Amino acid sequence: MDTSVVIVLLVSLFGGVAIGYILKRILSQKEDQNNKQKVAELLNDANNKANQILLDAKNEALKTINQFKAEEQKKRNYLDQVESKLLSKEESLDKKISEAEKQRVDLEKRAEDTRKLREEAEHLKDLQKIELEKVSNLSK
């Protein structure tokens, strides 16, 4: 074999190794870029899903809050109605108590007037009796 053939073979061998190394490096870089892109897409999808889950949770929380507020409002309305009825009944009872008190005072006054009239009638009866006795003693 000739030295020139050996040199050509060696140069070809080193050239092939260099080209293989360069091609492997290029392919490796492309694969790294593809992997980075896939990772970026997966991260983006994960972030989108996380945001969607968070948005759904917020919407559910708002829905629950609104339901509780509506329930609370219904209960407040009911309590307001009950309070209004109680106040109305209280006012009605106050009026009845006031009327009963007036009637009691009126009855006490009538009873007192009746007692006085009876006493006066008894007194007049006693006076008449005394007068009758005087008249009857005079006629004897």
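Bear in mind these aren't lab numbers, they're just calculated from the coordinates by the rules spelled out. Quick caveat, the model's predicted, so the values are computed rather than measured. No Cβ is skipped: glycine too gets one built from the backbone with ideal geometry, and neighbour counts run over all protein chains shown.
A few remarks follow.
- Residue of ILE22, ILE65, ILE97 that the Gaussian network model of the chain assigns the largest fluctuation, springs spanning Cα pairs under 10 Å: ILE22
- Length gained when the stretch GLU131-ALA100 is fully extended (0.36 nm per residue, less Cα-Cα span): 6.6 nm
- Net charge dipole size for segment 15-140 [Lys, Arg +1 and Asp, Glu -1 on Cβ; Debye, nearest 20]: 740
- Crossing angle, helix 3-138 versus the chain [Cα axis fit, 0-90 degrees, rounded to tens]: 0
- Summed side-chain charge close to THR64 - residues other than THR64 whose Cβ falls under 14 Å, Lys, Arg +1, Asp, Glu -1: -1
- Between GLU122 and ILE53, the contour length at 0.36 nm per residue exceeds the Cα-Cα span by 14.8 nm.
- In plain terms, if you count all Cα to Cα distances in segment 15-140 and split them into 5 Å steps from zero, the share in each step is 2, 7, 5, 5, 4, 5, 4, 5, 4, 4, 4, 3, 4, 3, 4, 3, 3, 3, 3, 3, 3, 2, 2, 2, 2, 2, 2, 1, 1, 1, 1, 1, 1, 0, 0, 0, 0 percent.
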